[in-house]
Amino acid sequence: MRSLAERARAGGEWTLRAAVIALLAWSLVIALRGEDNGGTEQATSSGLRAMLARWSTVVTPAKVHVTLDHPPSAQERDWLGALSAARTAVEWSGPSLLPIAVAFEPRADPARGADVSVAAPAGTGVVLRDTIGVLDSATAQAAGLRAYIPKPRRTVDAVAGPVVARAAPRDSLVLGRLLVIGRAGWETKFVTAALEERGWEVDAHVIVSPKSDVRQGRIDAIDTARYSAVLALDTTAARYGEQIARYVRSGGGLVLWAPAARTRALAPLAPGGVGLIMEDEGRPPSDSAPREVLEVVPITPLAPDAIALEHRGVEPTLAARRVGPGRVIQTGYLNSWRWRMAGGDDAPDLHRDWIAGLVARVAYTGRVALPSPPTDPAPLAALIAKLGPRANAAMGSTGYDPAMIAWWVFAILCSALMIEWASRRVRGVK
């Protein structure tokens, strides 16, 4: 008859065998199910790609949480979206990720530059760079920031902290001609000269006297098939008023000087009224604020749908509005030619840039699509659209790692088998 110790040893051996069988059965069930028991797995930006491969091939977690130091690449973002569509709850956090967006728009200008607009929280430092290097840096205001790039390359990045938004040109502009209408004088002369020097093809109707005028180019119907913009410098544009109104309402662009905004046909198109003139005092224009000393007529009152682009004190001096599909800019400056003639060494170039900028904001253009490289103009917005809003950064315990559990199960199985085998050998049982 076996002793009590032998019976206890034999019972322990059967217990070990039962534990081994139970662990093997549990492992088989887990393997057949192909998933864990619902624990949350976590990843960071640095290890995200490896974890995505793991979640797609090794385990199918019920929930994952990704802590992001920077926005994921477009491929990683789509991969996370695919996991979410496959019934894995995907959450993300990243307190340092800023909501920024960048837009790249070719400028309607024979110089072929581009305007880059960046939306970012006020006070955010933004760095613009292209494929060569840094272009400029600035601090975003309440309305974001805007920059002109004279020679844009294939892509432009806006960088704010760890977030990089990328844009690229998607089309090229087809420019028409310009039509300048005004009395013979310094303003008409130098506005026309600035545009021609910029590379625009200009038609002009210059009124010398009630019985004498000068025409440059063939001026027939004013329509978008021929003209990208019309520049009306004074009341002589009234004879074309009805044509210009139809042209703008069909999508054309119009730059109005204050005297032209008084005419009956053009006043309904103007961004605002015409205030009392602020005469200049004869001071030479400075390099830092050249338009501050020019003669100006405030644009007041503003139309309800108009936007003031420049002010002198509290009075708007440059304003814009849309009229149907057309765009109109009204300038209150009456003698911008004095900037060109009496300013510093760079004044002619700066005056030319300013006049060209007014035209570029309203010009009607055709567009030709260009092949575009991959872009990501609003990384955080795209991430939210794909995965939903960010979750709390603190997620608590991660549950368990199935790979680690597998190693522990293997170790326990081996230990149980070795102990059971050793016990039987000590007792002399095979």
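Loop-located trypsin sites (Lys or Arg not before Pro) in segment 219-311 (DSSP state other than H, G, I, E, B) with a sparse environment of at most 10 neighbouring Cβ atoms within 10 Å: Arg264. Restricting to segment 176-364, what percent of DSSP beta bridges are antiparallel, rounded to 5? The antiparallel fraction comes to roughly 50 percent. For segment 200-275, the square roots of the Cα gyration tensor eigenvalues, ordered a ≥ b ≥ c, give a/c of at least 1.5 with a/b no greater than b/c, which places it in the oblate category.
Between 0 and 90 degrees, the angle of helix 186-198 with respect to the longest Cα principal axis of the chain falls at about 40 degrees.
The modelled label-to-label distance for the pair Ile419/Ala18, using points 7 Å beyond Cα in the direction of Cβ, is 1.4 nm.
Compute the helix-to-body angle for 48-57: its Cα long axis versus the longest principal axis of the chain, expressed 0 to 90° and rounded to tens. Computed tilt is about 50 degrees.
Using the crude model of +1 on Lys and Arg Cβ and -1 on Asp and Glu Cβ, and no other charge, please compute the dipole size for segment 176-364 relative to its Cα centre, in debye to 20.
Working: 23 positive and 23 negative charges, 163 e Å.
I would put it at about 780 debye.
Placing +1 on the Cβ of every Lys and Arg and -1 on the Cβ of every Asp and Glu, with nothing else charged, gives the chain a dipole about its Cα centre of roughly 1820 debye.
Listed by chain and number, the aspartates and glutamates whose C-alpha is less than 14 Å from the C-alpha of Lys386, apart from same-chain residues fewer than 8 away, are Glu76, Asp78, Glu91, Asp376. Note on Val214, Val59: ascending count of other Cβ atoms within 10 Å places them as Val214, Val59, the fewest first. Could you let me know the centre-to-centre spacing of segment 257-329 and segment 115-155, using Cα atoms, in angstrom? Distance between centres, Cα-based: 27 Å.
Projecting the Cα atoms of His65, Ala270, Gly199 onto the charge dipole of the chain (Cβ charges, centred on the Cα centre) puts His65 farthest toward the positive pole.
Readers should treat all values here as calculations from the given coordinates under stated rules, not as data from a laboratory. Nothing here was measured: the structure is a model prediction, and the numbers come from that model. A quick note on method: Cβ atoms are made from the backbone with ideal geometry, for glycine too, and the neighbour counts reach across all protein chains shown.
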